[in-house]
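Undergrad: For reference, the structure I am asking about is given below.
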Amino acid sequence: MKKPRVCILRTDGINCDEETFYAFEKAGAESQMVHVNQLRSKEKQLADFHILALPGGFSYGDDVHSGKILAVELTSFLKEQLSEFVSAGKLMIGICNGFQVLVRTGLLPNQRLGKIEAALTANDSGHFECRWVTLLVEHSHCVFTRGMEGSLIDIQVAHGEGKFYTDPSVIEKIEQNDQVVFRYAGIDGRPASLYPANPNGSLNAIAGICDSTGRIMGMMPHPERHVEKTHHPNWRRMPKSTVPPHGLAVFRNAVEYANQM
Amino acid sequence: MLQEVRVITKKNLPDSKGEEVLYDIIHALSINSVQKVRTARVFRFEGIGAGEAALLAEKLLAEDVFQEYKVNGPVITDANVVLEVAYKPGVMNPEAASLMKAAADLGITGLMAADSSWEYGFYGNTITSADVERITSSLLVNATVEYIVQERPKTLVIHGTPGRMEMIPVRQMSDDELLELSRDKLFLNLEEMQVIKDYFLRIGRDPTDIEIETIAQTWSEHCGHKTFKARLIVDGQEKKPLLKRLQNATEDSKHPLVLSAFVDNSGAMEFYDGQAICGKVETHNSPSAIEPYGGAMTGSGGVFRDIVGTGRGAKVLASTDMFCFARPDTPEEDIPAGCLRPHYLLRRVVAGVRDYGNRMGIPTNNGSVHFHRDFRAKPSVIVGAYGILPAELCRKGRPRPGDLVVSLGGRTGRDGIHGATFSSGEMTDRTIDVNSSAVQIGHPIEEKRTFDAILAARDEGLIRAITDCGAGGFASAIGEMGEEVGARIALDRAPLKYPGLAPWEILESESQERMVLAAAPENVDRLMEICQGYNVEATVLGEFTGDRCFSATYEGQEVMNLEMAFLHNGLPQRVMQAAWRPTVYEEPPAVATADWVQLYCRVMGHINTCSKEPIVRQYDHGVQGTSALPPFTGTGCDGPNDAAIMTPILGKPYGMVISHGLNPVLNMIDPYQGSLWAAAEAVSNAVASGASPRDLVLMDNFIWPFPDEELLGALDLAVDACVDFVRATGMPFISGKDSLSSTYRGKDGTVIKIPPILCISAFGRIPDVSRTVSADFKKAGSQIVLVGHRNTSEMAGSIYYDILEYLGNNLPRLSPTALMQVFEAVYEAISSGKILACHDLSEGGLAAGLAEMCFGGSVGAQVEIPDKELAENFLFNETAGCFLAELPAEENPSDVFGAVPCQVIGKTTTGSSISAVQAGGLLFEVELNKLKEAWQQPMREVFRQ
């Protein structure tokens, strides 16, 4: 069977592209690095891929707002390609900076290109923070977390602007439609409102959301940084035989779904 | 007229930047008149109308989910004081280019220039103008690069007409005139100035200003390493030059893994799978002293370029940072004129390292901070970088005649003019005014995309040779690259940030984020194509000639033509006198400890022992997905580890280990033993994590006050220590750097010499990371084993003595030969899988190491102190090369560690305290939480966590 093709989108300042590339390959996909210039020049076509991955980093330095300049570029030049990609039922994942980009294009939470309905704003702590957090996987439509619902997973966050914020009405809709995919959790496994379990002060402890179809997903934590046993800070404290690295499941789910396309 | 857009976070939402500023106002400045701070962004645009500015506000600048904006109007209207802080004109604001790009993407035409800045609103009815003055000068404005905007600027476009080239009539100059020419500008001594004069007398013409500048920076201490190459007379006896000694020791070690030592921008060793790993450590003290944020950024950016400029181009894997400052709470009156407050320096340097490394996507996963009063005049900022590249590309490329000189990356501006010569000069109270041009704001994204393009070009075989533009700019980069063949460039081809640079400024400018390549003519088109694909500007400046001259033209006129031979070999070898005279520091009288719990807490809370986690958390240490041993692990991820271990080849078990060691205080007492300690500490950190001493290489960084006879004697001893360490252990130095200018001279005659520092970094390879350990205790009931040689009466320079307010003379004396046996034994024990956890002993001694292992494992410990030992010495002695190991109860220590000294000092417990007994009696029992609180508090306060 042919492997699903993943477009790993790069541009100035994207810097989690190689590990995201590797995570998808390890999950059984065929990754390809694609610079946004190659999509603008039509040298490469989104249509040739099954999955679009927006990796982490500081696209264009996160100037003005994190992910903003790239979001403007995508909505200005790739609107059609993106709309067709979405309506073709294909998958999109935005990790960290990629999540910020998806929200600022309007693709999340509600697939409205050009209409911004939520924001990822400066951490309450006021600075960039890199630490491991526990995530509660919510019951949602998200295809990236199938079979993981209800579990707690360890993933690293590394960002300065990760506070999920939006109007009460929007939050309510997101919650009602089961679009919350991940929440920051405390040791008790419950959603955490307090630092450091909730590292940025996100409303409702939201760490990741998806659109109403569950095929577009964005998250601040970095699943691609937990696809090897030795990625976990405390792998030396863990029993020899243990579950696969928590982040890998996200990529495997994507590949499995794409295989059905 | 300029259009202004102001954007502010909605009133009901937190303003975390404002809260940060308020925290500093209260805690760093102890000003209590300010109740609240609000911040706003200010954006300015030239060449568009108000309508287009509004469109930009809507689509780009403001998001109404959480923000509000005004076009050409104020957004902070109710504050008692409002002020705006912006970059000075000419200081490039990295955000400006993004504003231009996004505006173009949004279809807005005619935008000529854009800028952005911050506005602060201060609330409080009792705020005095004196308060505002202190807040701005100590917190918000660094006058070197920023200013307070009083009125709306007329234009953002920087105009200027190039200064003309000048002839410098050195042939007629008297000695006094030569010295005046050198002062504050060339930093050369009279003999060197005379050699220059003689050269131009000989060739029968006067030099151009460009030629003088090029010679000065090539001959600067920073680039020429005159002291390390000097003939040395030590106590009347001539000794080999310092650099020669280090290089000979490395050659003699014949280490099988060394691929490139002392010849390239970084040193390289063999890794696995046909790959090589390389490392480089740099100091960046002088710029960081006057503009810590920009200084630290350019320090990081520079050392990263050293890595990518290694061989035919390497990928940067990791970044490290070692800092020395005065205590953050140093009183204002204690700070010399022209120097910045340590609290501000520490926070801004950390921010600079953070913002450069994180944006580049390079994990910063190893480092340390050291505090000593004498750093108040000049901090030490040491930044390291490590990389990987195919082994067959790891040797320095050589340009051939006919190859083209290609510059890549950032544009050239008036940044860092005289950086090389400046960092070679001493810091004085004139430094800030005279050399303010020597710093700039780094642009990590420019550097990142440039590296992306370089690695793509490398993989297509388009790079014949590569080097970075650092100190000395194009002059140094092209001058060195073309040393054997010669190079001719057209200065007017160099893309400029703004008009108005004189030819010599273009050649000497130290604008960041620039690389120089040598490429065969047939490859240049493809090279340009790749660069365009990554939004990287690339320009052919000229060619490598074959005439062995370094020449340059400007608008068709020749402005420089120097023989490479004179430029690189004309510098007279210095003859320098060295003689070290030990100072006797009193030993403290024996004091019986009254309150052990309080003493233990004071040691853990000592600023040189305390947890640096609040700093580490601001650095991304997980990016690239390579982490196999992060800085902190354990049940709460707050137990510190000794080294960083990464798996650079994703999916492979091969590990790269990185560690370092330094101890400024010990070097003051005894440069030889202090330097051995640094080497032992660097290696111990790597070995404690599971590295084999046979798979490690070393790098040296000497940061010394201006070397008078006394300090040169100390330097001589430090180098001897390094050489003896190499000869005893076989671990070679493969890269190094010296910075011999950390002396401060105030106009009132005060002279402050910062403590001499030898920072030794170690890196190496590990065949399988699954055979490594972390420092956190894994379970209760294990044996705690002390491994290594130590004489506990050697307490000089310890934290314990510092608490007693003594320095002492009797410092740990190390035997490299004995150390090597310990390293071997510890490595064998760890790789055989018998050790559950291991930690090396350093600041705070056994007591601190034990506590840190308990914090990580959330287990308690019971320790038994031998009757013959003085408890204080047993617990707080800081002999390097000693280890605490966690060994399962069933294992027999002497089976595991063989012949090397090892003693079971206690066991881990299910409890939540550390207790010590001696002679059958309980000496103390202290709760872990109490120790941890004391240990975490100091940096939490400084970094608001």
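Undergrad: What FRET efficiency comes out for B:E805 versus B:D273 if R0 is 51 angstrom and r is the Cβ-Cβ distance? Round to the nearest 0.05.
TA: On the way: r = 54 Å, r/R0 = 1.06.
FRET efficiency, B:E805 to B:D273: 0.40.
Undergrad: Which percentage, to the nearest 5, of the DSSP beta bridges contained in chain B is antiparallel? Present the calculation step by step, with values, prior to reporting the outcome.
TA: Details: 131 of 160 bridges.
Given both bridge residues lie in chain B, the antiparallel proportion sits at roughly 80 percent.
Undergrad: May I ask which residue of B:S842, B:Q172, B:L188 lies farthest towards the positive end of the charge dipole of the protein assembly as shown, with charges of +1 (Lys, Arg) and -1 (Asp, Glu) on Cβ and the Cα centre as origin?
TA: B:S842
Undergrad: Now for a separate question. Quick check: the angle from helix B:816-831's long axis to the longest principal axis of chain B, C-alpha only, nearest 10 degrees?
TA: So the helix axis and the longest Cα principal axis differ by about 80 degrees.
Undergrad: Taking trypsin sites (Lys or Arg not before Pro) that fall in a DSSP loop and have at most 10 other Cβ atoms within 10 Å as cut points, what is the longest piece of chain B between them?
TA: Values: sites that count: B:K11, B:K154, B:R164, B:K254, B:K747, B:K868.
Longest stretch, sites excluded: B:255-746.
Undergrad: Now, a different point. Can you pull out the GluC sites (Glu not before Pro) in region B:839-934 that DSSP calls coil and that have at most 11 other Cβ atoms within 10 Å?
TA: Details: sites: B:E843, B:E852, B:E864, B:E869, B:E872, B:E878, B:E886, B:E890, B:E891, B:E925, B:E927, B:E933; in loops: B:E843, B:E869, B:E878, B:E890, B:E891.
For GluC sites (Glu not before Pro) across region B:839-934 that sit outside H, G, I, E and B with at most 11 neighbouring Cβ atoms in 10 Å, the list reads B:E890.
Undergrad: Quick check on chain B: helices-only [θ] at 222 nm, where DSSP H runs of length 4 and up contribute -39,500 (n - 2.57) each and the sum goes over total residues. Nearest 500, please. All intermediate terms of the calculation are to be shown ahead of the outcome.
TA: Numbers: 31 runs with 309 residues, N = 945.
The helix-only estimate for chain B comes to -9500 deg cm²/dmol at 222 nm.
Undergrad: Evaluate the Debye formula for chain B with equal point scatterers sitting on the alpha carbons, no solvent, and hand back log10 of I(q)/I(0) at q = 0.07, 0.09 Å⁻¹, in q order, two decimals.
TA: Scattering profile of chain B, log10 relative to I(0): -0.59, -0.99.
Undergrad: Place a point 7 Å from Cα of A:D48 in the direction of its Cβ. Which residues in region B:442-459 have their backbone N less than 20 Å from it?
TA: B:456-457
Undergrad: Write down the Kirkwood hydrodynamic radius of region B:170-227, to one decimal in angstroms, obtained as one divided by the mean of 1/r over all alpha carbon pairs.
TA: Values: mean 1/r = 0.0871 Å⁻¹.
Mean inverse Cα-Cα distance, inverted, gives 11.5 Å.
Undergrad: Got the relative contact order for chain B handy, in percent, Cα pairs under 8 Å and 6 or more residues apart?
TA: Values: 2286 pairs, mean separation 110.1, N = 945.
Over chain B, the number comes to 12 percent.
Undergrad: Continuing with the same structure: Calculate, for B:A728 and A:R40, the FRET efficiency according to 1/(1 + (r/R0)^6) with r their C-beta to C-beta distance and R0 56 Å; round to the nearest 0.05.
TA: E between B:A728 and A:R40, to the nearest 0.05, is 0.40.
Undergrad: Right, next: For region A:166-184 and region B:706-744, compute the distance between their C-alpha centroids and round to whole Å.
TA: Between the Cα centres of region A:166-184 and region B:706-744 lies a distance of 61 Å.
Undergrad: Using r as the Cβ-Cβ distance of B:D329 and B:E68, and R0 as 41 Å, what FRET efficiency do you calculate, to the nearest 0.05? Can you show the working numbers first?
TA: Details: r = 39 Å, r/R0 = 0.95.
After rounding, the FRET efficiency stands at 0.55.
Undergrad: Can you pull out the trypsin sites (Lys or Arg not before Pro) in region A:82-120 that DSSP calls coil and that have at most 16 other Cβ atoms within 10 Å? The partial results should precede the final answer.
TA: On the way: sites: A:K90, A:R104, A:R112, A:K115; in loops: A:K90, A:R112, A:K115.
Sites meeting the loop and neighbour criteria: A:R112, A:K115.
Undergrad: Name the lysines eligible as straight-distance cross-link partners of B:K240: C-alpha to C-alpha under 17 Å, and not fewer than 8 places from it in the same chain.
TA: B:K226, B:K229
Undergrad: Also, quick follow-up: Can you give me the distance in nm between label points at A:L113 and B:T635, each placed 7 Å from the Cα along the Cα-to-Cβ direction?
TA: 5.3 nm
Undergrad: Now for a different question. Let me have the relative contact order for region B:264-362, percent, based on Cα pairs under 8 Å that are six or more residues apart. Provide the component values of the computation, followed by the final result.
TA: Numbers: 114 pairs, mean separation 29.1, N = 99.
It rounds to 29 percent for region B:264-362.
Undergrad: Cα to Cα, under 18 Å, and not fewer than 8 places away if on the same chain: which lysines meet these conditions relative to B:K197?
TA: Cross-link targets: B:K185.
Undergrad: Taking Cα atoms, how many degrees apart are the long axis of helix B:709-729 and the longest axis of chain B, rounded to 10 and kept between 0 and 90?
TA: Approximately 60 degrees, to the nearest 10.
Undergrad: Given the Cα atoms of chain A, and with Rh set as the inverse mean 1/r over their pairs in the Kirkwood sense, what is Rg to Rh to two decimals? Could the numbers behind the result be given before it?
TA: Working: Rg = 16.8 Å, Rh = 18.0 Å.
Rg/Rh: 0.94.
Undergrad: Give, in nm to one decimal, the length gained when the segment between B:A919 and B:K834 is fully stretched (0.36 nm per residue of separation minus the Cα-Cα distance). Numbers along the way, then the final one.
TA: Numbers: separation 85, 0.36 × 85 = 30.60 nm, distance 3.06 nm.
Using 0.36 nm per residue and subtracting the Cα-Cα distance, I get 27.5 nm.
Undergrad: While we're here: Report, in whole Å, the centroid distance computed from the Cα atoms of region B:790-837 and region B:39-109.
TA: Value for the Cα centre distance between the two parts: 57 Å.
Undergrad: All other residues with a Cβ under 9 Å from the Cβ of A:V227 taken together, and with Lys, Arg as +1 and Asp, Glu as -1, what is their net charge? List each step's numbers first, then the result.
TA: Values: positive: A:K26, A:R225; negative: A:E19, A:E224, A:E228.
Neighbourhood net charge equals -1.
Undergrad: Follow-up. Taking only Cα atoms, what is the 0 to 90° angle, nearest 10, from helix B:190-203's long axis to the longest principal axis of chain B?
TA: It is inclined by approximately 40 degrees.
Undergrad: Work through the residues other than B:G18 whose Cβ is under 9 Å from its Cβ and net out their charges, Lys, Arg +1 and Asp, Glu -1.
TA: Values: positive: B:K17, B:K36, B:R38; negative: B:D15, B:E19, B:E20.
Within the 9 Å Cβ shell, the charges total 0.
Undergrad: Could you give the size of the charge dipole of the protein assembly as shown about its Cα centre, using +1 on the Cβ of each K and R and -1 on the Cβ of each D and E, expressed in debye and rounded to the nearest 20? Spell out each step's value before the answer.
TA: Numbers: 112 positive and 152 negative charges, 466 e Å.
Once rounded to the nearest 20, the dipole reads 2240 debye.
Undergrad: At 7 Å along the Cα-to-beta-carbon direction for both A:K79 and B:S137, put a label point, then send me their distance in nm to one decimal.
TA: Roughly 5.4 nm, to one decimal.
Undergrad: Between Rg and the Kirkwood Rh of the protein assembly as shown, both from Cα atoms, what is the Rg to Rh ratio? Each step should come with its number before you reach the end.
TA: Values: Rg = 29.6 Å, Rh = 31.1 Å.
Computed over Cα atoms, the ratio is 0.95.
Undergrad: Could you size up the charge dipole of region A:5-259 around its Cα centre, putting +1 on the beta carbon of Lys and Arg and -1 on that of Asp and Glu, and report it in debye to the nearest 20? Intermediate results must be reported in sequence, preceding the final value.
TA: On the way: 25 positive and 29 negative charges, 74 e Å.
Dipole magnitude for region A:5-259 comes out near 360 debye.
Undergrad: If you don't mind, another one. Which GluC sites (Glu not before Pro) does region A:1-87 hold that lie in a coil by DSSP with at most 12 other beta carbons within 10 Å? Don't jump to the answer; show the numbers that get you there.
TA: Values: sites: A:E18, A:E19, A:E25, A:E30, A:E43, A:E73, A:E80, A:E84; in loops: A:E43.
Answer in residue order: A:E43.
Undergrad: Can you tell me what share of the DSSP beta bridges in the protein assembly as shown is antiparallel? A percent to the nearest 5 is fine. List each step's numbers first, then the result.
TA: Numbers: 155 of 201 bridges.
Percentage antiparallel, nearest 5: 75.
Undergrad: Among the listed pairs B:K315/B:K396; A:K163/B:K59; B:K280/B:K315; A:K44/B:K59; A:K229/B:K834; B:K11/B:K36, which have their C-alpha atoms separated by more than 18 angstrom in this model?
TA: Working: B:K315/B:K396 15 Å; A:K163/B:K59 21 Å; B:K280/B:K315 13 Å; A:K44/B:K59 27 Å; A:K229/B:K834 20 Å; B:K11/B:K36 12 Å.
Distance filter (> 18 Å) returns A:K163/B:K59; A:K44/B:K59; A:K229/B:K834.
Undergrad: If you add up the charges near A:Y22, with Lys and Arg at +1 and Asp and Glu at -1, over every other residue whose beta carbon is less than 13 angstrom from its beta carbon, what do you get? Each step should come with its number before you reach the end.
TA: Working: positive: A:K26, A:R225, B:K652; negative: A:D17, A:E18, A:E19, A:E25, A:E30, A:E224, A:E228.
After counting each charged neighbour, the total is -4.
Undergrad: Would you mind computing, in nm to one decimal, how far apart the modelled labels at B:R164 and B:K36 are, each placed 7 Å from Cα along Cα→Cβ?
TA: 6.0 nm
Undergrad: Continuing with this model, one more query. Between region A:201-246 and region B:492-531, how far is it from one alpha carbon centroid to the other, in angstrom?
TA: Answer, in whole Å: 43.
Here, each number is a calculation from the coordinates, and none is a lab measurement. Note that this is a predicted model, so its numbers are computed, not measured. FYI the Cβ positions are ideal-geometry reconstructions off the backbone, even for glycines, and counts take in every protein chain you see.
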